[in-house]
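Below: one structure, written as structure tokens.
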């Protein structure tokens, strides 16, 4: 990880990955859903399990007035919440509390980054996740240094960092591509 361009790319992707972490919290249930392929069907409150109704109890009295897309988002969030371990729920609560403590501009920026991430093709999302996991493996001091360098850079410097990181990635991917062998000419038949 001594390559500064790769490190810059990881630092650039950190905000999007931070939004990923927030998405695992109950806050994601309050975010607008990603655009669906077709119109969403309403979900009857009575069709929810007792555990889902408990998790979503604050919406119970207004459930029928919620748009179907919001209902589906809340149901999906409740399913995720119920599938978490106690430790995962505690972590999600902490992330949510941290998110709520941020100034409105930062919350808006995180939501925008999350929406941008959601609009990426699945391959790009996988690359972001992979880079985030690599970034998290760095020593805390290195991560902090990269964050500071990114935050202290001017917009032009950041664009240059991104450009260099993309060039380095393309170069690495080119080096990893299997060597193509020339097609063999057919052997003439033996006579």
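Things worth noting here:
- Total residues in the stretch 44-53, condition within 28 Å of the chain's Cα centre (by Cα) and surrounded by fewer than 17 Cβ atoms within 10 Å (Cβ to Cβ): 2
- Here residue 149 does not fit the description of being modelled with pLDDT under 90 and in contact with a helix residue (DSSP H, G or I) (Cβ under 8 Å, 6 or more places away or on another chain).
The values are calculated or read from the model by the stated rules, or taken from the named source; none is laboratory data. All values reported here derive from a predicted model rather than from experimental measurement. Note: ideal-geometry Cβ built from the backbone for every residue, glycine included; neighbour counts use all protein chains shown.
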